[in-house]
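Undergrad: Have a look at the structure that comes next, please.
The values are calculated or read from the model by the stated rules, or taken from the named source; none is laboratory data. This structure is a prediction, so every number in the text was calculated from the model and none was measured. Counting neighbours? That spans all protein chains shown, and the Cβs are built from the backbone with ideal geometry, glycine included. For the accessible areas, the whole protein counts, side chains as well, though only heavy atoms, and no ligand, DNA or RNA atoms are used. Shrake-Rupley method; radii C 1.70, N 1.55, O 1.52, S 1.80 Å.
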Amino acid sequence: MKASILRSVHSVASRSSSSKHLLTRSFGTESVPERKVAVLGAAGGIGQPLALLMKLNPLVSQLALYDIAGTPGVAADVGHVNTRSEVTGYVGEDQLGKALEGSDVVIIPAGVPRKPGMTRDDLFNINAGIVKSLCTAIAKYCPNALVNMISNPVNSTVPIAAEVFKKAGTYDEKKLFGVTTLDVVRAKTFYAGKANAPVAEVNVPVIGGHAGITILPLFSQATPKANLSDETIVALTKRTQDGGTEVVEAKAGKGSATLSMAYAGALFADACLKGLNGVPDVVECSFVQSTVTELPFFASKVKLGKNGVESVLGLGHLSDFEKEGLEKLKPELKASIEKGIQFANKS
């Protein structure tokens, strides 16, 4: 999937009139379906690079960019890129409905970063409120869209979205995804460095949730296989779990993981679009409603299809270290899920 996006970018850059050729190459002689993607929070630190990456995706025919401010400028800028999709900017709550109508995929990076003096509860309440409002609109204007949740904390915002959709009578567990792809991207990158393997050939499943110890990379299942020591596996696991903190510290408190998150969000949206279009065997890790464990939501490998989740795959064989990590993450993940459900139902 990563390679397909990079090939798309290269083709667009080198052959400005090649969009028809590119689409034919990707899907044989069949025409590619019209697909509308909406990005909610498109003027933010994640939203802007994500908007650009979705503009580069040849599977997108309409790109709707929404935010409370700044989107006309982002849309004008991104709209000059010579690729297939038509770009429209929408600003303010009165235009949210138009942004959402007819959407096949809705990506939500909306929210605020943590600022000095702000507690985690402050951050949660602000972002949870934003997600609740946006999902209420999704239920009204595009209830059948696949919803890709990026807004943190994903372990809580996905359950919030589910509760909102349930109240509206539109909930379909096959169409709601927590985007945990950045954890997979990091695990692949870090593993490749230690295994001396080409990163494009590396695959590492990541299960659990999308924060701290709830992130559990399964390096025992990583391919290609490498003979890494137990100490190295422990260090790789911790680095994957602390990847966000690594970026925040490197940016000296002036930002968070926006560019890599946009990239990961674009990868997962691309997988969703391919599934909708009937491409076979599209499998990605995602935080979804699940019976893989006793928890109601859990990240694991998911097969994507024309209706969203085609099947939630099992965890496979776990090492003793991974089994221990799985049991350790459950209480924290359970608490985060319950916190989201309680927030959604308190008013």
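Undergrad: Once you list every other residue whose beta carbon is under 14 Å from the beta carbon of residue 321, what net charge do they have if Lys and Arg are +1 and Asp and Glu are -1? Don't jump to the answer; show the numbers that get you there.
TA: On the way: positive: 238, 323, 328; negative: 230, 231, 320, 322, 324, 327.
With Lys, Arg at +1 and Asp, Glu at -1, the net is -3.
Undergrad: List the trypsin sites (Lys or Arg not before Pro) within segment 220-314 that DSSP assigns to loop and that have no more than 15 neighbouring Cβ atoms inside 10 Å. Before the final figure, lay out each step's value.
TA: Details: sites: 225, 238, 239, 251, 254, 274, 301, 303, 306; in loops: 225, 251, 254, 306.
Here the trypsin sites (Lys or Arg not before Pro) that fit, given the DSSP loop and packing criteria, are 225, 251, 254, 306.
Undergrad: Could you tell me the relative contact order of segment 181-337? Use alpha-carbon pairs under 8 Å, at least six residues apart, and round to a whole percent. If you can, show how the numbers build up before the last one.
TA: On the way: 239 pairs, mean separation 38.2, N = 157.
After rounding, I find 24 percent.
Undergrad: Provide the per residue accessible area, probe 1.4 Å, for the chain, rounded to a whole number of square angstrom. Don't jump to the answer; show the numbers that get you there.
TA: Working: 15660 Å² over 347 residues.
Per-residue value: 45 Å².
Undergrad: Let me check against my output: what whole-number percent is the relative contact order of the chain, with C-alpha pairs under 8 Å and at least 6 apart? Mind dumping the intermediate values first?
TA: On the way: 664 pairs, mean separation 55.7, N = 347.
For the chain, the relative contact order is 16 percent.
Undergrad: Taking each full run of DSSP H in the chain as one helix, which ones are at least 27 Å long along their axis (Cα atoms) and have mean Kyte-Doolittle hydropathy of at least 0.0? Present the calculation step by step, with values, prior to reporting the outcome.
TA: On the way: long enough: 120-141 (31 Å, 0.30); 320-345 (38 Å, -0.81).
Helices passing the filter in the chain: 120-141.
Undergrad: Using a probe of 1.4 angstrom, how much of the accessible area of segment 36-179 is carbon and sulfur, in percent?
TA: Values: 2830 of 5540 Å².
Of the solvent-accessible surface of segment 36-179, carbon and sulfur hold 51 percent.
Undergrad: So, counting K/R as plus one and D/E as minus one, what does the shell of residues with Cβ under 10 Å around residue 303 add up to? Mind dumping the intermediate values first?
TA: Working: positive: 301; negative: 281, 284, 310.
The answer is -2.
Undergrad: Counting other C-beta atoms within 10 Å, and keeping those with at most 15, which DSSP coil GluC sites (Glu not before Pro) do you find in segment 59-121? Don't skip to the end; give the middle numbers.
TA: Working: sites: 86, 93, 101; in loops: 101.
In loop regions of segment 59-121 (DSSP not H, G, I, E or B), the sparsely surrounded GluC sites (Glu not before Pro) are 101.
Undergrad: Okay, moving on. If I compute solvent accessible area with a 1.4 Å probe over the protein chains, what percent of it on segment 181-337 is carbon and sulfur? Display every interim value, and only then the final one.
TA: On the way: 3770 of 7020 Å².
Carbon and sulfur: 54 percent of the exposed surface of segment 181-337.
Undergrad: Label segment 36-179 by shape, choosing from rounded, prolate and oblate, from the square roots a ≥ b ≥ c of the eigenvalues of the Cα gyration tensor; if a/c is under 1.5 it is rounded, and otherwise prolate applies when a/b is larger than b/c, oblate when it is not. Present the calculation step by step, with values, prior to reporting the outcome.
TA: Working: a/c = 1.85, a/b = 1.24, b/c = 1.49.
Because a/c hits 1.5 or more and a/b fails to exceed b/c, segment 36-179 counts as oblate.
Undergrad: In µm²/s, what is D for segment 181-337 at 10 °C and 1.306 mPa s, where D = kT/(6 pi eta Rh) by Stokes-Einstein and Rh is the Kirkwood radius from Cα pairs? Numbers along the way, then the final one.
TA: Working: Rh = 16.2 Å.
Here the translational diffusion coefficient equals 98 µm²/s.
Undergrad: What is the Cα coordinate range of segment 37-87 on the first, second and third principal axes, sorted by size from largest, in whole angstrom?
TA: For segment 37-87, the Cα spread along each principal axis is 26, 16, 15 Å.
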